[in-house]
1. Looking at (1) surrounded by 15 or more Cβ atoms within 10 Å (Cβ to Cβ); (2) more than 19 Å from the chain's Cα centre (by Cα), which one does TYR74 not meet, given that it meets all the others?
2. Residues in the range 43-57 that are surrounded by 18 or more Cβ atoms within 10 Å (Cβ to Cβ) and touching a Ser or Thr at 6+ places or on another chain (Cβ under 9 Å): how many?
3. Could you list, in sequence order, the residues of the range 122-132 that are in a helix (DSSP H, G or I), within 18 Å of the chain's Cα centre (by Cα) and within 19 Å of GLU169 (Cβ to Cβ)?
4. Looking at the range 1-30, which of the residues that are β-branched (Val, Ile, Thr) and more than 12 Å from ILE52 (Cβ to Cβ) is modelled with the lowest pLDDT?
5. Across the range 27-41, which residue is surrounded by the fewest Cβ atoms within 10 Å (Cβ to Cβ) among those that are at negative phi and out of contact with any helix residue (DSSP H, G or I) (no Cβ under 7 Å at 6 or more places or on another chain)?
6. Does the range 149-169 include one or more residues that are assigned to a helix (DSSP H, G or I), of a type in the set (Phe, Trp, Tyr) and within 17 Å of GLY67 (Cβ to Cβ)?
7. Quick check on the range 35-53. Is at least one of its residues within 20 Å of THR120 (Cα to Cα), of a type in the set (Gly, Ala, Ser) and modelled with pLDDT of 95 or more?
Amino acid sequence: MLHHCQYIVNQIPLNIQNKIRTQNELIDMWGKCGSIENAKNVFNLVVDRDTITYNGMINAFALNGMGTQAVELYREMPNNLRDHVSQICVLNACSHAGLLHEARTIFNEISLKTESIITTMVDCLSRLFMFDEAQRLIEDYEKTNTPSIVMYISLLSGARNNRNSNLSEKIYKRMKTLFPNAKESLAAGV
């Protein structure tokens, strides 16, 4: 895989490799290929980093199990460049690395909590078997919004990974009530 990635890079003219859009794509590619060093090398070459540059590198860290580095880069990122994608990427990194304290801190700093951001936090809490807190987030969200099947799937996945059959059954029954027409999504709960 890395050889294929390097082959692609070798095909890109140098004057194109220095353009930020190309550099952002290379960071993304190297991160997805598991070559964090190459992703960092490209990141370090970017002169005027934008939101996409930072998000790509944070996501590269997240994909490669480097949650602490993702959080550090998020903290270094200028506040005016952070967006909801930055927040989702760093929360996802925390989720997969088990960084509950960091995830809570970042989540509490976010002023506009979108459905995607809340879902990512529910996933983080569920992966760490913090089901009561995850359920409270869902309940708070549902006070002013339509229920989200993706939130429930995250919660159910955590319960199943914890082999908590009672909670899994409870979540599954709730999902069947809330989402009676979502047969494909609910089939995973059987």
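1. (2)
2. Residues flagged as surrounded by 18 or more Cβ atoms within 10 Å (Cβ to Cβ) and touching a Ser or Thr at 6+ places or on another chain (Cβ under 9 Å) within the range 43-57 amount to 4.
3. Taking the range 122-132 first, the residues in a helix (DSSP H, G or I) are 122-127, 131-132.
Restricting the remaining residues to those that are within 18 Å of the chain's Cα centre (by Cα) gives 122-127.
Within the range 122-132, VAL122, SER126 qualify.
4. It comes out as VAL9.
5. Looking only at the range 27-41, we keep the residues that are at negative phi, and these are 27-33, 35-41.
Still in the running and out of contact with any helix residue (DSSP H, G or I) (no Cβ under 7 Å at 6 or more places or on another chain): 37, 40-41.
On the way: GLU37: 8, LYS40: 18, ASN41: 13.
Here the residue is GLU37.
6. no
7. Among the residues of the range 35-53, not one is within 20 Å of THR120 (Cα to Cα), of a type in the set (Gly, Ala, Ser) and modelled with pLDDT of 95 or more, which makes the answer no.
One line per residue, one yes/no per condition, for (1) surrounded by 16 or more Cβ atoms within 10 Å (Cβ to Cβ); (2) part of a helix (DSSP H, G or I); (3) aromatic (Phe, Trp, Tyr); (4) without any contact (Cβ under 8 Å) to a residue 24 or more places away in the chain:
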site: HIS96; (1), (2), (3), (4): yes, yes, no, no
site: HIS101; (1), (2), (3), (4): no, yes, no, yes
site: SER111; (1), (2), (3), (4): no, no, no, yes
site: ALA134; (1), (2), (3), (4): yes, yes, no, no
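The values are calculated or read from the model by the stated rules, or taken from the named source; none is laboratory data. It should be emphasised that the depicted structure is a prediction, and the values quoted were computed from it without experimental measurement. Every residue, glycine among them, receives a Cβ derived from its backbone with ideal geometry; neighbour counts consider all protein chains shown.
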